[in-house]
Amino acid sequence: MKDKISKIGIFIYDPEGNLGKFLSVEAICSKLSGLHFASTVSSSVRDEGLRDDFEEFVKKNKLSAAVIAGYSSRSNEKIFKNSFKKAGLNPYALAFINLGEAIVICGKKVKILDRAVQLIVRAARWIENQGPIETQKILLNRKVLVLGGGIAGIETALTLAGGGLDVVLVEGGQDLGGEIAAIEGLQDFLGDKIRALKKEEKIKIISSSRLANTGGHAGGFIVKIEGKDESVLEVGAIVVAVGYESIVPIEELGENFNSRVIGQRDFEKRLSSNDVPGRICFLTDLVDEDLKVQTQALLRQALAVKKEFDSDVICLCKDLKVSFDGGEELYKRAREAGVLFFKYVEKPGIKVLNNVVEVSLINEDYPHEEMVFEADLLVVGEKAAPRKGFEELAKLLSVNLDSNGFFQEDNVKILPTKSSKRGVFFVGGCRLPQNINETLTEARATAQEILSFLSKGEIELDLTSAKINSDRCVLCLTCVRTCPHGAIVVDQKEETAKVIPISCQSCGICASECPVMAIELPLYTNAKVMGQLVNSMAGEVG
Amino acid sequence: MSSRNVAVIGGGIAGISAAIALADMGSLVYIIERDTQTGGHAAGFACKATEKCNKCSACVADELILKVFQYPEIRILTGSEVMSFSGKPDNFRLQISRAAKEESLFEEVELKVGAMVVATGFMPFDAEAKKEYGYKKYKNVITALDLERSLRLTGKIAKPTDGSTPKKIAFFQCVGSRDESIGKGYCSKVCCPYALRLSKLIKSETPESDITIFYMDVQPAGKGFYELRKSCEGLGIRFVRNLPSKVYGYVNSDFLQVKSINADTGEVILDEFDLIVLSVGLSPQNDAKFLADTLGIDQDGHGFYRAKGELLNCSSNPGIFLAGACQGPKSIEESMAHGKAAAAEVGKMLRK
Amino acid sequence: MKGDFEPKITAFCCEHSGLLSANMAVESRFVFSNDVQMIRVPCSGKIEAIHIMKALEEGDGVAVFACHKEACQFLRGNLRAEARVSSIKEILKEIGVEEERVQMYYLAPSNGIKFAQLLRVFYENLKKLGPNVGRKVG
Amino acid sequence: MIIGERKPIQEVLGMIAEHDKILIAGCGTCVAICMAGGDKEVSILASAIKLARNKEEKSIQILEQTPLRQCEWEFVDELKDKIETCDAVLSMACGIGVQTLVERFPKAVVYPAVNTTFLGLPEEQGVWSERCGACGNCVLDKTGGICPIVRCSKSLLNGPCGGSQDGKCEIDSEVDCGWQLIYDRLKTLGKLDNLTDILPAKDWSTSRDGGPRKMVREDMKL
């Protein structure tokens, strides 16, 4: 009936004692005729008690696999796995089931006892010939490549260096600072950051260069940097913090875009050079209605104008976005300083006649009458657009972009501090255009994510990742294309596709896509699933 | 001797994120949780997916809350509170009072830690303070948190009075936020996103329901928010841009009426609703002052703990760090990131 | 005979949503269907077409519990599963077996009640459809 | 690469209606890669047939095997004993495989379960499109590397015909006009004047129209 497998342990624990109300454990054991098993019941309440009972049970019966049957799925699996590891047994030859499932039946036909036995048999069959999983120690390079010298890249680099890792910061342009370099109020904040960056000897800065090519995997990427001079480095992780491009929305403005109608960044320059006319009208939410970056910049600039000049300022927006730290106060101070706010729904009309800008809109509040403003200058909120090189960079790192062309499709499981490819991280505006506080928090959180990954310098991997049988593989590239994590590469030498254990997240999609069934997940082999389906469906025991 | 132990006060998602990151870096972490189990408010949120996921991150919080049990380096002390502390950074002594399981007396515990992370989270605004909305007076006026909990536990929405499915539902935004009159002059960031996601869920579960959202300005949040708002409008959810001042109703009847101005004609219209959901904002914990004095950390004008300028995780008292909504309103995603960032700051301090 | 017919259901549960909801349903004592065999998969994208067909040969219905769209831990596992389930439905249509016997559901980790409700609805449908005539005889 | 597509199951059921023990033979190369006749497709078809036959209370016994290729005598010999014990064989290989089985096992009844469609290029995962018609006398050098025989619906040698509209063929708005592609290609190469020299009528005897073809390499024969 079944080849001789060494003993399976059935460890039933019932701390609260309510399992006993429905099931008599002796009855279960008597029904388990077919299986070669030993069983015990523990009722100790604290985890330590469970562990001692279990270890003693394993030693006494010289078990090789065990089904842990409890009454809740909250049992701490680690206790049992560590005991198995300590006893030199395969920690994956353990199955955890919730006997409560046997009680939750609705039909009268099957008795609870048979159902409980059926659950235990199926679990035993799932683990009975689970081969041992080897472990592999992989050395991790403790250097990190940060792309982008804006505030996101700088803060990530500083936090990484603060945690003890070496950093190579590559900036595309000549100088550091990125988007916020032009903002007057942040000059000293940025200056301190850049000074700290240059002072930190763990950080090497390479400017006017870019990432040309990447190879290797998490913990050991081989990256090629091109610019003034070429260099090839080995790094443990790659952080992309290249920010975004803000473009004045010329198409929305139509033909009357001229010197009287400028973008917010150009106005920043005029603000710092005190070239501010008498009447200014700010207009946001023409584009990117779902971002608060524009409105925050608008409020800051409107307040700055009112503080130093006595020009009158009007702000037009669809929704006033104040959901950032201190947003409502900034809005209140702007109102108190005399800035007028109006909200619109349809796009306002803009006409420029002999360098006076006439803006007409229907006021959204009652009574909806048409209002016309005249201003010497119309400052328009800019569109946050992805940079030109995003597609190429995405292909290089084998990740994909979201519908607006920014990094990583919109999936909450890829937390802001992770990405679909292990070892690659996206921080700041290139992921989602956001303000400084949010960027700083995201940069520090991502740096911590990398510190947790690389600090120890090595990782002990249980090889539960997918395995490709190179004899069957015909290199049809289906798996290389479908792997969501870019964890499968073509090994030209051995003419087979190869899974990189550290990048593989053992989801098994490649195994089910492979046309010639060459790929298997060690813990979810085809035989195991078929074993569950074929004989135990009929519900017979053993 | 800089002890690598760290105490995290508060077992919500921010505290747990910080604890897990610190455990990864080799520290021994104590989580001091007042409640009988960890998870905080995020453990009670419902999944708000309709035909696709609407990015509310409730499931990410669920998975994180389960993950903390797999870390032997993290000792979770439930039912415990901080009484006092002494010493200086790298060498704090923390006195904790802990409810002992057996005789339910309080036992005194002292922890020697190198640093502390305050992650005590927020308290939902007590909607009763807005008397004119009649929360608790009229049974069918509920808060968004009540709605979340009933969706998570029962999977459906029901009128508290008779349990039937409500037809006309109203969402009131900015209840306890952006409201100078009750000293809440800040935006709680999360109410517009969760209101839109809840209304989209209700509208797609019960298409015949008629939902109106009374709002001032719709605040965006995270990726793909424009798409979420457009899909709400597409489903026929009405957006009315004024906040009603009062709810008219009778104590034990289903009748709830709201006055608002018709934006086109200008005259006052009377709307009747079966259910009114108050999108309550995030307020500081009511014992925030007590903990601030105990730990010697400053509070900002609204009662949240003040961060030192751009060091958003450092409190005014060196060696004590901040994580999550106790420092200011944050979404689930931001709280987790803020928790990890706090762990990075602690790591930097312990390394010196 | 229809009265006491108990449909045999196989439920493929993704470990990131279906299985967690199933555990929640079991712990909250939501009653679902009589004979459900739950098979855990790391991702619904791991379920192969032949597994579903094999389960149909042995039982009366197959339910696939996957994560919501755009919330798959592995980005497109649930989309792959959806493609496979619809290709199986095509085959069932071709051979005259009711395509409602294979159904895909989307869940979050905390949908204990929804898991039990969906399973009960699936169980009632199968009871109406009657035994799977294509099942292995004997 | 040879592209194929599984036949509708009703048609397959019709073929094997009166047999009650069959072998389904897959092929592990071309048809496997285009997911028409590999290991997985064999077991799915077997399962579908069993379900259908159980429905009509006409049970059937199905054996399954998938050699690496069905176009090599040595590989099809692996199926020998299974073929002998079965009343019929359902081959999921391309047409070449079916006929190899017939020639190797004259007494066996062999049915095709896959329609061999064309020689194609996998444009992306799950999408294949025709590129070569094996006409035996390649003209790609004259058209900048785009084949008019296969990519133009009328296989014109001096196209385009009058029917193409903004780059699409008159038979289907999804199908690119072959000659539009050739024109654009030559334009990018700066060799538009190739279009002025008229291609003479093609000698079709080298293609299928010249009757069944055979190629012999004396140097390779053993």
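The values are calculated or read from the model by the stated rules, or taken from the named source; none is laboratory data. Values in this document were obtained by computation on a predicted structure and should not be read as measured data. When we count neighbours, we look across all protein chains shown, and the Cβ atoms used for this are built from the backbone with ideal geometry, even at glycine. Accessible surface is based on the protein model in full, side chains and every heavy atom, while ligands, DNA and RNA are left aside. Shrake-Rupley method; radii C 1.70, N 1.55, O 1.52, S 1.80 Å.
Would region C:8-129 count as rounded, prolate or oblate if I go by the C-alpha gyration tensor, calling it rounded below 1.5 in a/c and otherwise prolate when a/b exceeds b/c, oblate otherwise? Spell out each step's value before the answer.
Values: a/c = 1.95, a/b = 1.15, b/c = 1.70.
Here region C:8-129 falls in the oblate category.
Relative contact order of region B:126-281: what whole-number percent is it, with Cα pairs under 8 angstrom and at least 6 residues apart?
Working: 279 pairs, mean separation 52.1, N = 156.
Computed over region B:126-281, the figure is 33 percent.
Taking amide H atoms as placed 1.01 Å from N in the peptide plane, list the residues 5 or more away in sequence, or in a different chain, whose amide H sits under 5 Å from that of A:Asp312.
Here A:Ile280 satisfy the definition.
Run through the DSSP bridge list for the protein assembly as shown and note the antiparallel percent, rounded to the nearest 5.
Values: 83 of 195 bridges.
The answer is about 45 percent antiparallel.
Sort region B:126-281 into rounded, prolate or oblate with this rule: let a ≥ b ≥ c be the square roots of the eigenvalues of the Cα gyration tensor; rounded if a/c is under 1.5, and if a/c is not under 1.5, prolate when a/b is larger than b/c, oblate otherwise. Before the final figure, lay out the partial values.
On the way: a/c = 1.21, a/b = 1.06, b/c = 1.15.
Since a/c stays below 1.5, the shape of region B:126-281 is classed as rounded.
For chain A, what's the relative contact order in percent, using C-alpha pairs closer than 8 Å and at least 6 residues apart? Let's see the in-between values first.
On the way: 1026 pairs, mean separation 76.4, N = 542.
14 percent.
Can you give me the accessible area per residue for region C:1-48, using a 1.4 Å probe, in Å²?
On the way: 1340 Å² over 48 residues.
Solvent-accessible surface per residue comes out at 28 Å².
Hey, any idea what Rg/Rh is for the protein assembly as shown, computing Rh the Kirkwood way over Cα pairs?
Numbers: Rg = 34.1 Å, Rh = 34.5 Å.
With Rh from the inverse mean 1/r over Cα pairs, Rg/Rh is 0.99.
Please give every one of the aspartates and glutamates within straight-line cross-link reach of D:Lys107, meaning a C-alpha to C-alpha distance under 12 Å, and leave out same-chain neighbours fewer than 8 residues apart.
D:Glu84, D:Asp87
At a threshold of 8 angstrom on Cα-Cα distance, excluding pairs fewer than six apart, so keeping six or more, what relative contact order does region C:8-129 reach in percent?
On the way: 211 pairs, mean separation 45.8, N = 122.
Value for region C:8-129: 38 percent.
For a quick protection proxy, order the peptides B:162-175, D:190-203 by their average other-Cβ count within 10 Å, most packed first. Could you put the intermediate results ahead of the total?
Values: B:162-175: 19.8, D:190-203: 10.8.
The peptides rank, most packed first, as B:162-175, D:190-203.
What is the antiparallel percent of DSSP beta bridges lying wholly in region B:126-281, to the nearest 5? Can you show the working numbers first?
Numbers: 10 of 27 bridges.
So the antiparallel bridges amount to about 35 percent of the total.
So how long is each side of chain A along the principal axes, counting just the alpha-carbon atoms, biggest first, in Å?
Principal-axis extents of the Cα atoms in chain A, largest first: 98, 61, 44 Å.
Can you give me the angle between helix B:144-154 and the longest principal axis of chain B, using Cα atoms only, in degrees from 0 to 90, rounded to the nearest 10?
That helix lies at roughly 90 degrees to the long axis.
Holding the Cα-Cα limit at 26 Å, pick out from B:Lys189/B:Lys223; A:Lys78/B:Lys55; A:Lys321/A:Lys383; A:Lys202/A:Lys395; A:Lys81/A:Lys456; D:Lys7/D:Lys40 the pairs that are longer than that. All intermediate terms of the calculation are to be shown ahead of the outcome.
Numbers: B:Lys189/B:Lys223 14 Å; A:Lys78/B:Lys55 31 Å; A:Lys321/A:Lys383 16 Å; A:Lys202/A:Lys395 30 Å; A:Lys81/A:Lys456 23 Å; D:Lys7/D:Lys40 15 Å.
Where the Cα-Cα span goes over 26 Å, the pairs concerned are A:Lys78/B:Lys55; A:Lys202/A:Lys395.
Reachable lysines from D:Lys187, Cα under 19 Å, same-chain residues fewer than 8 places away excluded?
D:Lys142, D:Lys168
Using a 10 Å cut-off around each Cβ of peptide D:28-36, what is the average number of partner chain Cβ atoms that fall inside?
Numbers: counts 6, 4, 2, 1, 6, 7, 2, 5, 1.
Per residue, the number of nearby Cβ atoms from other chains is 4 on average.
Once the Cα gyration tensor of chain B is found, what semi-axes does its equivalent ellipsoid get, as square roots of 5 times the eigenvalues, in whole Å, sorted largest first? Walk me through the numbers before you get to the answer.
Numbers: eigenvalues 325, 78, 76 Å².
Each semi-axis is the square root of five times an eigenvalue, giving 40, 20, 19 Å.
Which of the three applies to region D:2-118, rounded, prolate or oblate, going by the alpha-carbon gyration tensor with a ≥ b ≥ c and a/c under 1.5 meaning rounded? Mind dumping the intermediate values first?
Details: a/c = 1.79, a/b = 1.24, b/c = 1.44.
Oblate, because a/c is 1.5 or more while a/b does not exceed b/c.
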